[in-house]
Every structure is written in C-alpha cells, then in structure tokens.
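Read-outs: derived from the displayed coordinates by stated rules, not from any lab. Bear in mind that the values here come from a model prediction, so they are computed numbers and not experimental data. Every residue, glycine among them, receives a Cβ derived from its backbone with ideal geometry; neighbour counts consider all protein chains shown.
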Amino acid sequence: MQNWLLPEYIQDMLPDEAWRVEQMRTRFLDLLRKSGYQLVVPPLLEYAESLLLDGSDDMDLRSFKLVDQLSGRTLALRADITPQAERIDAHLLNYQGVARLCYAGSVLHTQPVGLTRTRELLQIGAELYGHGGLESDLEIQQLMLQSLAVLGITDVHLDLGHVGVFRALVSHAKLDKDIESELFAALQSKDSTALQALAKPLDATLRNALLALPTLYGKCAEVLERARALLPDYPGMSTALADLRIISGKLQPLVSSVSIDLADLRGYHYHSGMVFAAYHAGSHDAIALGGRYDDLGKSFGRARAATGFSMDLRQLYRLLPPQADRMGVCAPHSDDAALCDKIAQLRAAGETVVVDLLGDVALRKELQCDRELVLRNGVWQIVAL
C-alpha cells in the first residue's frame, strides 16, 4: 500500500502556492476589515443539522458525516461557512442592527464541484445581516468585485439573476411542490424538452412564461425589455425586474461585462432574491457566487435579511499569472556575533536570509538564494552567487 497517496481530488499545497494563497487571504481580510466587516472563525465540525441548509438536498449530499463518540449524534464537516455565519449572527452576536461578518477557512465536499476542482476548498467570503434593501445587495456585490481586483483577478464577467421571477410565477399558480421542484430542475439544467413536457398541462400564460425563461439571457437592457413583454405582471415580478435594472446599471462600470440570466436558479431552495456569479475566461466554473437569503435564519430561530458572497482561494490562485520567485540570501552557519547582527538587520529590512546548515554547495540551489553573505576585510557583505 502506497501510504503517501492522497484521496482523489485532495491535494497538498506546495510552498509556491501556499505562500501566494496566504498573501491573497491577507489582502482579502485587510480589505474586509477596512470595509467594516468583523472576522469570525467557526469550527470545521458541527452537529449536522446546524450545517445543512433548510430544504437543500444538495448541501446534504455534499457534506461528509460521522458519529460523535461523545454524544452519539451525527456530526458533519462543513461544506459551506455561510450557515455558520448565520448561526453566529443569530445566536452569539445577536445584533439588532446591521452585522457585517467575513471569514476564511477550509470546507470539504464529498464530490468535486468542477472537473478540475479540489474537494477541499479554501473558502473566503462576506455576509451582511439586518438590511433588506438594494443598498446592501449593491454593497456586497461591489465588495465581491473589489475583492477579486485586490487578489489580482481582472477581466471579470458578472451574471445577475433573481429567484423572485420564478417564485412569482409558481406562487401565483399555486403549483404542487413536486411540480415546482421538477420545473426548477428542468430550468437549472436548461432541459427544454423536460420543461415543455412539464409546462404543457399549465394554463397558457404560465406555460409561455416558463418556456420564455431560458431565453431571457444576455445583455441587461435587452433581457429586461423582453422580460417585461413576455412575463406576466404577477405580484413580485415588477419589483424583481426593477431591482435587476438598478443594480446592473450601477455595476456596469466595475466589470468587463454584465449580463442577466432569469433561468439561473442556483441556490433556489435558500436564496430569496437577487443572485449573482462572477466568471473569468480562465475557469469553466463561476469564480465567485452570492445572493440574498433572507429566510435562512429561520433554521436558527431568528430570520434576518441577509446577503453575501463566497469564493475559493485555491481556484482563484490558478487564474493568476506566474510570479517570479523571490530569491533570498544564503548565510553560513556560525556563532559570529557580527554575522548574527547582519542577518537580523537584513530580515528586519524584509530580506529572506537562509542559514546554510549543511554547507554543501551542491545543495545550495534548494535554499532558493541568489546571493550570499561573505566575510571580507572583517565585514559581512552580500555578494551574488
């Protein structure tokens, strides 16, 4: 048995990636701190019912589970930090006004979410609680785009959607939950054949609206104009379309392009309003996701208006251009007081100084140094290798 092998879709981070990912994490948290967000660090392991989003079979299937030997209850390894942030807002902080939280930590998935993705993601994100207006939607979406920029990700495309459009249709028709779920699945998978079969027994207005949803994708102004013409003005419909018009207009200057997809129902079981996803040419999958989820807090006994976003640092790292190695200074191993002082001075100035314990010139390349300290005329000096 080769005990050095790792499970499928689980990888080590070697030094180059690990250092750069840590720099990205620091930049992200610094931006969030300056924006008024408070850092929380929830545990990796919790009781399963606390981590599984209400009504989301997807999250249940995505979570590793085990039995707690102390209590006998089922535990789960978190697959998403958002429910933990919601729990902290609801029961530990218990703010009556707006709460802004951010986080950075590992999450585990039973299955990879993409062809080239790891099952251990390094999730970073931000959540805003206690405000249900467009101002907080805009703040979160702008913050997500600023975060991508500070991490070095440019040429971002933003996709906007609104689950309120689909909900307005199914709520007005008072559809059976099973039919609603089947319609959701057909729309999410863009299965036009299944959608036509499911919509056939429905009244003409609802049927035509559902069949139109997959076609309502593209440039914001064009999609919204067609949506107003093709979709019935059921309660909530006009508000959802107006919200998309306002937000898309404000975000246009911040990204390469913005589009609207009214059939995008990602997270439909827990999202309650506007949803959004950022894309980049270097990735087959979305590089950041988010949306409004005002109803999620009821699982913890305190529903609050909420919106947020998250992304995976390990995925983002792969979109960055290669970085030139920063080479250090090699120093001999010695108790010389002057040498120790020189090493301390260089490190205080930001230099990497590596003490060569072996003194083997043939192995010096492994130390990643392009200079060395040598004693000349009684003074320790830096010379090129």
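Values as computed for the structure displayed
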| read-out | value |
| --- | --- |
| Ranking of Leu241, Leu6, Leu29, Leu320 by count of other Cβ atoms within 10 Å, fewest first | Leu6, Leu320, Leu29, Leu241 |
| Top positive-direction residue, dipole computed over the chain with Cβ charges, set Ser256, Gln2, Val107 | Ser256 |
| The chain: proportion of alpha-carbon pairs further apart than 39 angstrom, % | 31 |
| Additional length obtainable on full extension of the chain from Lys219 to Lys65, 0.36 nm per residue less Cα span | 51.2 nm |
| Relative contact order computed over the range 160-258 (Cα-Cα under 8 Å; 6+ residues apart), in percent | 35 |
| Orphan Cys of the chain, criterion: no other Cys C-beta under 4.7 Å | Cys102, Cys220, Cys340 |
| Amide proton proximity set for Asp356, modelled H, under 5 Å, gap of 5+ | Ala331, His333 |
| Dipole of the range 76-206, positive direction: furthest Cα of His172, Pro83, Leu121, with charges on the beta-carbon | Leu121 |
| Crossing angle, helix 337-348 versus the chain [Cα axis fit, 0-90 degrees, rounded to tens] | 20 |
| Rounded, prolate or oblate (a/c below 1.5 giving rounded, otherwise prolate when a/b exceeds b/c) for the range 1-154 by Cα gyration tensor | oblate |
| About the Cα centre, charge dipole magnitude for the range 328-384 (Lys/Arg +1, Asp/Glu -1 at Cβ), debye | 160 |
| Derived scalar couplings ³J(HN,Hα) [the range 63-78; Karplus, 6.51 cos²θ - 1.76 cosθ + 1.60; whole Hz; x for Gly, Pro] | 9, 6, 10, 7, 9, 6, 6, 8, 10, x, 8, 7, 9, 9, 7, 4 |
| Rounded to the nearest 20 debye, dipole of the range 160-258 from Cβ charges on Lys, Arg, Asp, Glu | 240 |
| Computed magnitude of the charge dipole of the chain (debye, nearest 20; Cβ of K, R +1, Cβ of D, E -1) | 580 |
| Calculated FRET value between Ser257 and Thr116, using beta carbons and R₀ = 25 Å, to 0.05 | 0.55 |
| Residues of type aspartates and glutamates that Lys174 reaches as a straight line, Cα spacing below 15 Å, ignoring anything fewer than 8 places off in the same chain | Glu182, Asp203 |
| Cleavage-rule hits, trypsin sites (Lys or Arg not before Pro), the range 142-204, DSSP coil, Cβ neighbours within 10 Å at most 14 | Lys174, Lys190 |
| Difference of contour (0.36 nm per residue) and Cα-Cα distance, Gln38 to Asp155 | 39.3 nm |
| The range 373-381 - phi-based ³J(HN,Hα) in whole Hz, Karplus 6.51/-1.76/1.60, Gly and Pro as x | 8, 10, 8, 10, 6, x, 10, 6, 10 |
| Phi-based couplings in Hz for the range 120-125 (Karplus 6.51, -1.76, 1.60; Gly and Pro marked x) | 10, 8, 9, 7, 10, x |
| Helix 177-188 axis, angle to the chain major axis (alpha carbon atoms, nearest 10°) | 50 |
| Relative contact order [Cα under 8 Å, 6+ residues apart], the range 328-384, whole percent | 43 |
| Zone residues, the range 113-128, relative to Leu93, backbone N less than 18 Å from point 7 Å out along Cα-to-Cβ | 124-128 |
| Those aspartates and glutamates that a straight Cα-Cα span of less than 20 Å connects to Lys365, excepting residues fewer than 8 apart in one chain | Asp16, Glu17, Asp325, Glu351, Asp356 |
| Gaussian network model of the chain, Cα within-10 Å springs - most flexible of Gly350, Gly267, Gly308 | Gly350 |
| Placed amide H near Gln368: partners under 5 Å, 5+ positions off or other chain | none |
| Computed over the chain: relative contact order in percent, which uses C-alpha pairs under 8 Å that are six or more apart | 17 |
| Nearest 10 degrees, 0 to 90: helix 134-150 Cα axis against the chain principal axis | 30 |
| Reach of Lys34 by Cα under 29 Å, taken over lysines that are not fewer than 8 positions away in the same chain | Lys250 |
